[in-house]
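The values are calculated or read from the model by the stated rules, or taken from the named source; none is laboratory data. None of the values given here were measured: they were computed from a predicted structure. As a convention, Cβ positions derive from the backbone with ideal geometry for all residues, glycine included, and neighbour counts pool all protein chains shown. The accessibility values were calculated without ligands, DNA or RNA, using every heavy atom of the protein model including side chains. Shrake-Rupley method; radii C 1.70, N 1.55, O 1.52, S 1.80 Å.
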Amino acid sequence: QVQLVESGGGLVQAGASLRLSCAASGGTFSDYGMGWFRQAPGKEREFVATISGGGSIIYYTDSVKGRFTISRDNAKKTVYLQMNSLKPEDTAVYYCAARWRATTPQNIGVPNYWGQGTQVTVSS
């Protein structure tokens with residue numbers, strides 16, 4: 001069983017930066033592909049980024065490319081999402097997800113585990 005706990009959300013102005021963290025416990029962290037998803041009010045949850053267990057395979061959704069960076073520290077069992085140049089449309093609850101040996105958005109799209117989410121609000 002893997003538990004995921006996100007942190008780092010908050011209220012910022014457009015153009016600012018935030019770094020989200022997702023700390024994992026249980027399981028062998030490096031065996032899991034990790035991903036970030038987000039859900040805005042009234043919308044479905046959407047994929048944001050994913051990183052493979054070793055960190056060498058990374059994907060982003062088009063709307064965040066060049067602004068967001070996903071990374072992981074397997075020694076600390078933590079995955080990060082650095083978010084720069086934030087826009088009001090980035091406002092959402094951000095969720096961390098884990099799936100065994102996932103390497104693609106399709107794999108991570110059906111995760112084994114979810115975190116509880118952290119709110120990110122970007123004001124204009």
Any chance the stretch 39-51 includes a residue that's among the hydroxyl-bearing types (Ser, Thr, Tyr) and over 15 Å from VAL2 (Cβ atoms)?
yes
Pairs only if they're at least six apart or on different chains, beta carbon under 6 angstrom, first in the stretch 34-46 and farther than 24 Å from ILE57 by Cα and at pLDDT below 95, second open to solvent by less than 90 Å² (accessible area, probe 1.4 Å) and not in a loop (DSSP other than H, G, I, E, B); list them, first residue then second.
none
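I need the full set of residues from the stretch 74-90 which are over 12 Å from ARG19 (Cβ atoms) and assigned to a loop (DSSP other than H, G, I, E, B), in order please. Talk me through it step by step, then tell me what you get.
Here is the first cut: in the stretch 74-90, the ones over 12 Å from ARG19 (Cβ atoms) are 74-77, 85, 87-90.
ASN74, ALA75, LYS76, LYS77, SER85, LYS87, listed by residue number.
Would you mind stating whether PRO105 is under 16 Å from GLN3 (Cα atoms) and either open to solvent by less than 40 Å² (accessible area, probe 1.4 Å) or free of Cβ contacts under 8 Å to residues at least 12 places away in the same chain (or both)?
Details: under 16 Å from GLN3 (Cα atoms): no; either open to solvent by less than 40 Å² (accessible area, probe 1.4 Å) or free of Cβ contacts under 8 Å to residues at least 12 places away in the same chain (or both): yes.
It is false that PRO105 is under 16 Å from GLN3 (Cα atoms) and either open to solvent by less than 40 Å² (accessible area, probe 1.4 Å) or free of Cβ contacts under 8 Å to residues at least 12 places away in the same chain (or both).
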I'm trying to understand the selection: among the residues of the stretch 85-102, which are surrounded by fewer than 18 Cβ atoms within 10 Å (Cβ to Cβ) and small (Gly, Ala, Ser)?
SER85
What strands (runs of 3 or more DSSP E) lie completely within the stretch 1-73 and have 3 or more residues being open to solvent by 40 Å² or more (accessible area, probe 1.4 Å)?
3-7, 18-25, 58-60, 68-73
Restricting attention to the stretch 74-86, does a residue exist that is β-branched (Val, Ile, Thr) and touching a residue at least 40 places away in the same chain (Cβ under 8 Å)?
yes
